[in-house]
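Below is one structure, written out as structure tokens, with a few remarks after it.
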Amino acid sequence: MQFDVLTLFPEMFEVLNESIIGRAKEKGLININLINIRDFSKDKHKKVDDTPYGGGAGMVLMPDVVYDAYKSVKDDRAKVIYMSPQGKKLSQDKVEELSKQEHLILLCGHYEGIDQRVIDTIVDEEISIGDYVLTGGELPAMVLIDSVSRYIEGVLKEDSTKEESFSNGLLEYPQYTRPEVFGSQRVPEVLLSGHHQNIDKWRREQSLKMTLNKRPDLLDKINLSDEDRKTLVNLKNK
Ligand code: 4GN
């Protein structure tokens, strides 16, 4: 999968050289190409922004500079995403959908924003990572790259995306490892039993319990089996 990132701060993306995403890059499973918008400045002082028409605080990225940066990487299959607090909220379903694209171009604004005319010209989709404002679109772009890359074949071991939180609409069950006793707390007995049917049943109950306690809103969004409904009634009566 190809990611092209249009940004004034390419150095911020160094963090993607670590851990799982770093390894995915080394293996060539994903390619993250950083384009410094400043390289497309039209003047000798490398100026990329100017004061807003109509007045007001801050600066606005100039449309021709952003457009030329975009032209340097675009192809017919690329989807252009603008990271913006005004965008549609990123969800696990959206992440999975984006992972099916072969080429994403991520546009990161800074300062007060980007001239609306170039947004209207090049952007296919505006995406927000949540209802809060950041100083730039770089952290949101990294969140998107990380979450999408996890769905690329070979990036994670086995099918880790299949079982996790949100993929079945529920929160994850708790995990335990050695030692068997930590202070006064023992590992739940069923996990030591080797009885896989009982373990699966227990984990499903725990997922339902976690979701009921921490994110009950999620339960209204999914189809529950009769078995799950019974489990929930029992949990609520405890
Ligand atoms: C995206 C961008 C928050 C998000 C951003 C978000 C940079 N803040 N919630 N800040 O996904 C004006 C120009 C603000 C770019 C933008």
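Key figures
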{"quantity": "Yes/no for residue 43 being at pLDDT below 95 and away from the ligand (no atom under 16 Å from the Cβ)", "calculated": "yes"}
{"quantity": "Residues of segment 122-160 classified as farther than 25 Å from residue 77 by Cα, away from the ligand (no atom under 16 Å from the Cβ) and within 13 Å of the chain's Cα centre (by Cα), total", "calculated": "0"}
{"quantity": "Qualifying positions in segment 195-225 - open to solvent by less than 40 Å² (accessible area, probe 1.4 Å) and part of a helix (DSSP H, G or I)", "calculated": "199, 206, 207, 208, 211, 212, 218, 219"}
{"quantity": "Hits in segment 28-47 - residues which are outside any helix (DSSP H, G or I) and open to solvent by less than 50 Å² (accessible area, probe 1.4 Å)", "calculated": "29, 30, 32, 35, 36, 41"}
{"quantity": "Unmet criterion (only one of (1) without any contact (Cβ under 8 Å) to a residue 12 or more places away in the chain; (2) closer than 16 Å to residue 176 by Cβ) for residue 225", "calculated": "(2)"}
{"quantity": "Segment 136-152, residues that are in contact with a Phe, Trp or Tyr (Cβ under 9 Å, 6 or more places away or on another chain) and of a type in the set (Val, Ile, Thr)", "calculated": "145, 148"}
{"quantity": "Residue list for segment 146-163, restricted to those being part of a loop (DSSP other than H, G, I, E, B) and under 15 Å from residue 21 (Cα atoms)", "calculated": "150, 151, 152, 153, 154, 155, 156, 157"}
{"quantity": "Positions within segment 146-194 being surrounded by 13 or more Cβ atoms within 10 Å (Cβ to Cβ), closer than 18 Å to residue 2 by Cα and not basic (Lys, Arg), in sequence order", "calculated": "146, 147, 148, 149, 151, 152, 155, 156"}
{"quantity": "Any hit, segment 143-157, residues being modelled with pLDDT under 95 and closer than 30 Å to residue 201 by Cα", "calculated": "yes"}
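The values are calculated or read from the model by the stated rules, or taken from the named source; none is laboratory data. What you see is a predicted model, and the numbers here were worked out from it, not measured in a lab. Backbone-built Cβ (ideal geometry, glycine too); neighbour counts: all protein chains shown. In case anyone asks, the SASA skips ligands and DNA or RNA and just uses the protein heavy atoms, side chains included. Shrake-Rupley method; radii C 1.70, N 1.55, O 1.52, S 1.80 Å.
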